[in-house]
Amino acid sequence: MSYPFLDSLPNARRIATARSALSAAMAARGDCPALSDDAVVELLADLRHFCAARHIDFGTCSRAAQTRFETEIRGGR
């Protein structure tokens, strides 16, 4: 699923959105919402569970995200 409105956000806003999602996920788990490597690992594990439950290929999504990240980090959209 694509969300075109997200594609128009500047990278700083995307980072803030990701930070907010990470904090929300940690709070939902009942964990301290400290942003750390462990928090990212837990969020990624949760995303894998989400994908497995919905028959979404996490690897394909991860590769697409890597490509998008590389484009964005170079200043593209």
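Being out of contact with any helix residue (DSSP H, G or I) (no Cβ under 9 Å at 6 or more places or on another chain) and modelled with pLDDT under 85 is true for just one of Phe69, Phe5. Which residue is that?
Exactly one of Phe69, Phe5 is out of contact with any helix residue (DSSP H, G or I) (no Cβ under 9 Å at 6 or more places or on another chain) and modelled with pLDDT under 85, namely Phe5.
Kindly provide the set of residues from region 56-77 that are surrounded by 13 or more Cβ atoms within 10 Å (Cβ to Cβ) and either in contact (Cβ under 8 Å) with a residue 40 or more places away in the chain or more than 24 Å from Ala45 (Cα to Cα) (or both), ordered by number.
Correct list: Glu72 only.
Looking at (1) at pLDDT 70 or above; (2) among the aromatic types (Phe, Trp, Tyr); (3) under 25 Å from Arg74 (Cβ atoms), can you tell me which one Phe50 breaks?
(3)
So which residues in region 8-23 are at pLDDT 65 or above and more than 12 Å from the chain's Cα centre (by Cα), if there are any at all? Steps first, please.
We begin by selecting, within region 8-23, every residue at pLDDT 65 or above; these are 10-23.
Passing the criteria: Pro10, Asn11, Ala12, Arg13.
The values are calculated or read from the model by the stated rules, or taken from the named source; none is laboratory data. Keep in mind that this is a model prediction, so the values were computed, not measured. Cβ coordinates were reconstructed from backbone atoms using ideal geometry, including for glycine residues, and neighbour counts include every protein chain displayed.
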